[in-house]
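Input: a single structure, listed below in structure tokens.
Derivation of every value follows stated rules applied to the coordinates shown; laboratory data play no part. None of these values were measured; they are calculated from a predicted model.
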Amino acid sequence: MNTPAGQGFAARLIRWHKRHGRHDLPWQNTRDPYRVWLSEIMLQQTQVATVVPYYHRFLERFPTMAALAAAPVEEVMALWSGLGYYARARNLHACAQAVMRVHGGSFPRDPDVIAGLPGIGRSTANSIATFCFGASAPIMDGNVKRVLCRAFGIEGFPGSGAVEKRLWSLAEDLMPRRDGGTYNQAQMDLGATVCTRAKPRCEACPLAADCVARASGRTDELPERKPRATIPQREATLLVLRHGQRVLLETRPPAGIWGGLLSLPELPAKADPSEWVAQRFACQVIAVSPAPTLDHSFSHFRLRISPLLVEVKPGHLATEPGLAWWPVDKLQDAGLPAPVRRLLEALQASGSKPLDSRKR
């Protein structure tokens, strides 16, 4: 690159990383593609502090690719519960099975082949290839986009097709032939610790002397934000169906929100709860009472959950695939979406009758 910012770009970042980069994250200092891949998937749209405990729990339960591939997907989803973006967990399991089935249990080394595996895109494939196999391949996560947009004054929203294409072209030009893993890690570390979204520490940045955004006073403007859109509000009525000391949980469909997780049954709009429960679950309703609503925000909509506490008559319960009666003192082991877990914990803490597991 002949621009001032491009001169020695990679070399400056690599030097900076040796002294100031992060070197003690649990997935660093290893070339094991299984561990690197697991961290890359977990870190998508999720902060490091949130990922670390999940990463340790996953490795404790699934120490190898073979162990993950052999596990029931329900167990994988349960361990992922609370981390969000649940398609990642389903793809993680599918990818492990594909590696075992197609590649004999060994991660492929070619970035293009890696990118063909379930749940792995170009940037993640390049990360695995550079960190584990010494490839020279650029990455493009949110931190890298921010660093490049500010250093080179890239206009436009980086998530748009045209801007992203320009960023990839720039990243390819800047990619060094050696030390690709260190360079890629340096970009991520710089974005995460120095070139942060708010209040960047420009005085500590190795690119500050030639940074276009700093020179023009536009660090607050670059990269440009995604154009705001009205976030829709949705409503859902969830049934806390109680029989004795058990709560009915239902496996969500694979597609859609909370896909593959256990959740509370959702009452169809305008349906009478007593009639619907009696018909759907073949049990007699004793009492129905409302509970406090719960609001939860997704990336593209807000959800208001209105729970109904439903007690049913013992001895008239039908079971079928996808339904499970969970003891209230074992709910911590269920693979629940975070808002549903909060809802059940709040009801239990408040002593609400349908979730009060104390002896009467």
Per 20 Å bin from zero, what fraction in whole % of the C-alpha pairs of the chain is there, up to the bin with the longest pair? 26, 46, 25, 4
Candidate aspartates and glutamates - alpha carbon under 17 Å from residue 226, same-chain residues fewer than 8 apart omitted: 141, 155, 164
How big is the antiparallel share of DSSP beta bridges in the chain, given as a percent to the nearest 5? 65
